[in-house]
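Encoded as structure tokens, the structure appears first; notes follow it.
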Amino acid sequence: MNQASTAQIGTSEVDLLAKEIHSSGEIAIVSAASATNQNAWIGYMKTELKKYPKMKLVSIVYGNDDPTTATQVTQGLLQQYPNLKGIISPTTVGILAAAQVLDTPKYCGKIALTGLGTPNSLKKFVADGAIQAFELWNPASLGNLAAYAAVMYASGKLNGSSGQSFTAGKLGSFTIGPDKTILLGPPLRAQQGQYQQVQLLAPSGRAGPARLPASSDQAGRARPPASSDQARRACPPAPTRKADHAWSASASPPGSGRTGSRNTPYGIARSGPG
């Protein structure tokens, strides 16, 4: 059981960054380590970058899932590549460390950052404008899907064979892929939005939309999504600014991607290629 395929994770992060930097400029990757899943994602990122001839991958660095190391390699990128326009970090530790480095008047809104993260750890940086959008797993829908599959397997309606299809309630229909893998769908996209909190699961049982923090005087009131330029203006005037926003939901750290197939409606600001 997994959120997305290896290809979906790698390609969607490149597509997201391309949108933020207008498909042009130097970019870098802050990876966790030279691990199988990280290298597989990066492989698909390199392939997807061929769609964007004006984007250039100048460096891949490794933070080894250590906050200090990830901070140091991010700082090194900024020194070595003064024209850097974007960073992808497909690791929860790496994207947090990179966000802390970029959340200053010198870099905030000037260098785009995306990757795989969790809402609670990144709430300040989304509110500040250092991060416009990132991707994550949907643990609520993954749990529901796993429960449906387990019940059907226990009742003999599924035997785990590749190609078998089944319906998981409101989540939709699924097909078992290679190695008995069931995929929920492309990674979810959390982005600067119009409501006061993230909702991973709506009351109907479907995954809810992406809802990022509103300012305290606007809590509960809808506001239009911020444009790219507006996001840049939201950056803090000084790195000591404290976030006064509440982001109540949390998500499990993303795991490794696998191959398979799947179609479904799901949560926080649906993503995929493009």
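The values are calculated or read from the model by the stated rules, or taken from the named source; none is laboratory data. Since this is a predicted model, take the numbers as computed values, not measurements. All Cβ positions, glycine included, derive from the backbone under ideal geometry; neighbour counts span all protein chains shown.
Hey, can you tell me all the residues within the range 14-30 that are in a strand (DSSP E or B) and either hydrophobic (A, V, I, L, M, F, W, C) or modelled with pLDDT under 95 (or both)?
Answer for the range 14-30, where residues must be in a strand (DSSP E or B) and either hydrophobic (A, V, I, L, M, F, W, C) or modelled with pLDDT under 95 (or both): ILE27, ALA28, ILE29, VAL30.
Please enumerate the residues belonging to the range 95-120 that are modelled with pLDDT of 90 or more, farther than 16 Å from GLU20 by Cβ and either outside any loop (DSSP other than H, G, I, E, B) or touching a strand residue (DSSP E or B) at 6+ places or on another chain (Cβ under 9 Å) (or both).
If the condition is that a residue be modelled with pLDDT of 90 or more, farther than 16 Å from GLU20 by Cβ and either outside any loop (DSSP other than H, G, I, E, B) or touching a strand residue (DSSP E or B) at 6+ places or on another chain (Cβ under 9 Å) (or both), then LEU96, ALA97, GLN100, VAL101 are the ones that fit.
Restricting to the range 134-159, give me the number of residues that are farther than 22 Å from GLN192 by Cα, in a loop (DSSP other than H, G, I, E, B) and out of contact with any helix residue (DSSP H, G or I) (no Cβ under 9 Å at 6 or more places or on another chain).
Residues meeting the conditions: 2.
Six or more apart or on different chains, Cβ under 9 Å: which pairs go from a residue in the range 124-147 that's closer than 23 Å to ILE88 by Cβ to one that's of a type in the set (S, T, N, Q) and assigned to a helix (DSSP H, G or I)? Could you list them?
Close Cβ pairs satisfying both conditions: PHE125/GLN100; GLY129/GLN230; ALA130/GLN100; GLN132/SER228; GLU135/SER12; LEU136/THR92.
Exactly one of (1) at pLDDT 85 or above; (2) outside any loop (DSSP other than H, G, I, E, B); (3) surrounded by 13 or more Cβ atoms within 10 Å (Cβ to Cβ) is unmet by ILE131. Its number?
(2)
Just checking, how many residues over the range 57-94 are under 18 Å from LYS110 (Cα atoms) and either part of a loop (DSSP other than H, G, I, E, B) or without any contact (Cβ under 8 Å) to a residue 12 or more places away in the chain (or both)?
4
May I ask you to say which residue of LEU136, LEU96 is among the hydrophobic types (A, V, I, L, M, F, W, C), within 19 Å of the chain's Cα centre (by Cα) and closer than 20 Å to GLU48 by Cβ? Break it down into steps so the answer makes sense when it comes.
Values: LEU96 fails: closer than 20 Å to GLU48 by Cβ.
Matching residue, one of LEU136, LEU96: LEU136.
Provide a single number: the residues in the range 9-19 that are more than 15 Å from LEU188 (Cα to Cα) and crowded, with 20+ Cβ neighbours inside 10 Å.
1
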